[in-house]
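Presented below is the structure to which this report refers.
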Amino acid sequence: MEHKLSLPLSNSAVRELKVGDSVLLSGILVTGRDAAHKWLTDRFIHPMETASPEEQRTLTELRGLLAGGAIYHCGPVVAGLETKQYRFVAAGPTTSTREEPYQAEVMKLLSLKAVIGKGGMGAGTLKACGELPAVYLHAIGGAASLIAKTVQEVLGVYKLEFGVPEAMWVIRVADFPAVVTMDSHGNSLHDGVRQHSATELQRLLA
C-alpha cells in the first residue's frame, strides 16, 4: 500500500502504517547523524555538561520543528555554503545502526513520529516506535541525487560547527520516497530478513 503523508504526522496516521508500505512524505524534516544524536544525548538526556542558553534555544526550536515530525539520517552534499543560498546536491541516507544507542531517547525528547535512514535499527528503537507511536522508514540507498530532487527548500541549519554532513539541516521535501520497515505494531522487516537468512544458512550448512 502507498501512503501520501504530510508532516507532522498524527498518531492515527502512524498506526495505519504497516511494514512493507510505501510512503511519499511531504513537509519539513531535519537531518541528523552521529554528532547531532550524541550532542542531544550529552546535553539534554544524560547531561555531561550544562547546556548553554544558545543550546537551549536550539533545542526549543528543534522541538517545535520536529514534534510529530521526522529526523533523517543523512550527510548531505550542500552547495551555496559561501553565500548561504543553500541547495542540496546529494541527500542519500546513511546507515542507521550507529544511532541505535541514542535513538529511542532522542525520539522521545523531540516527540518524533518517524526516523528515516537505511539498514534498519535495533530493539530499543522498535520498542520506542510502539510506545510513541512512530515508524522507521527505509530510504533508497544509492539514490542520493534523486532524493535531493525532492528537497524543495533548505530552510536553515543548526550545529554547522559539526561540519556539513553532521549538521542538522532543516529542509522542506515533496514526495520523499521511503518504505516502512519498522512499524508501531512491533514488526521489523529487518528482523525478519535476519531470521530468514540465519535459517537458510543453517539449512545450507546442514
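Only the coordinates and a few stated rules stand behind these numbers; no lab work does. In this text, all values refer to a predicted model and were calculated from it rather than measured experimentally. Neighbour counts are summed over all protein chains in view; Cβ atoms, including those assigned to glycine, are modelled from backbone coordinates with ideal geometry.
Computed from backbone phi with θ = phi - 60° and the Karplus coefficients 6.51, -1.76 and 1.60, the 3J(HN,Hα) list for the range 91-96 is 8, x, x, 10, 4, 7 Hz; x is used for glycine and proline.
Extension gain for Glu54-Ser26 works out to 7.2 nm (0.36 nm per residue, less the C-alpha to C-alpha distance). Rounded to 0.05, the FRET efficiency of the Lys108 and Met1 pair, given R0 = 35 Å and the Cβ-Cβ distance, is 0.80. Under the classification rounded if a/c is under 1.5, otherwise prolate if a/b is larger than b/c and oblate if not, where does the range 58-106 fall, given a ≥ b ≥ c as square roots of the Cα gyration tensor eigenvalues? Because a/c hits 1.5 or more and a/b fails to exceed b/c, the range 58-106 counts as oblate. Applying the criteria of a DSSP loop state and at most 11 other Cβ atoms within 10 Å to the GluC sites (Glu not before Pro) of the range 1-64 yields Glu49. For the chain, averaging the sequence separation of C-alpha pairs within contact (under 8 Å, six or more residues apart) and dividing by the residue count gives a relative contact order of 28 percent. Amide H to amide H distances under 5 Å link Val89 with Val77, Val78, Ala79, where only residues 5 or more positions off or on other chains count and H is placed in the peptide plane.
Full extension of the chain between Thr97 and Glu131 yields a length gain of 10.3 nm, computed as 0.36 nm times the residue separation minus the alpha carbon distance. Between 0 and 90 degrees, rounded to the nearest ten: what's the tilt of helix 189-205 against the longest Cα principal axis of the chain? So the helix axis and the longest Cα principal axis differ by about 40 degrees.
Projecting the Cα atoms of Ala174, Thr97, Ala128 onto the dipole axis of the chain, where Lys and Arg carry +1 and Asp and Glu carry -1 at the beta carbon, places Ala174 farthest toward the positive end.
Name the most mobile residue of Gly186, Gly163, Gly20, meaning the one with the largest mean-square fluctuation, in a Gaussian network model of the chain with Cα contacts below 10 Å. Sorting by GNM fluctuation, first place goes to Gly163.
Build a GNM of the chain with springs between Cα atoms under 10 Å: which of Pro93, Pro165, Pro53 gets the top mean-square fluctuation? Evaluated over the chain, the most mobile residue of the options is Pro53. Helical runs assigned H by DSSP (4 residues or longer) give the chain a calculated mean residue ellipticity at 222 nm of -10000 deg cm²/dmol, each run adding -39500 (n - 2.57) before division by the residue total. Taking a 23 Å limit on the Cα-Cα distance, which of the listed pairs Lys4/Lys118; Lys18/Lys108; Lys118/Lys149; Lys108/Lys149; Lys4/Lys127 fall beyond it? From Lys4/Lys118; Lys18/Lys108; Lys118/Lys149; Lys108/Lys149; Lys4/Lys127, over 23 Å: Lys108/Lys149; Lys4/Lys127.
Count the net charge of all other residues whose Cβ sits under 9 Å from the Cβ of Ala35, scoring Lys and Arg as +1 and Asp and Glu as -1. My count for the surroundings of Ala35 gives +1. Among the trypsin sites (Lys or Arg not before Pro) found in the range 94-188, those both in a DSSP coil and sparsely packed, with 14 or fewer other Cβ atoms within 10 Å of their Cβ, are Lys149. Using a 7 Å offset from the Cα along the Cα-to-Cβ direction at both Val89 and Glu161, what is the distance between the two label points in nm, to one decimal? Roughly 2.6 nm, to one decimal.
Taking Cβ atoms as reference points and 12 Å as the exclusive limit, the residues near Thr94 contribute a net charge of 0, counting Lys and Arg as +1 and Asp and Glu as -1.
Summing charges over all other residues whose Cβ lies under 15 Å from the Cβ of Met1, with Lys and Arg as +1 and Asp and Glu as -1, gives -1.
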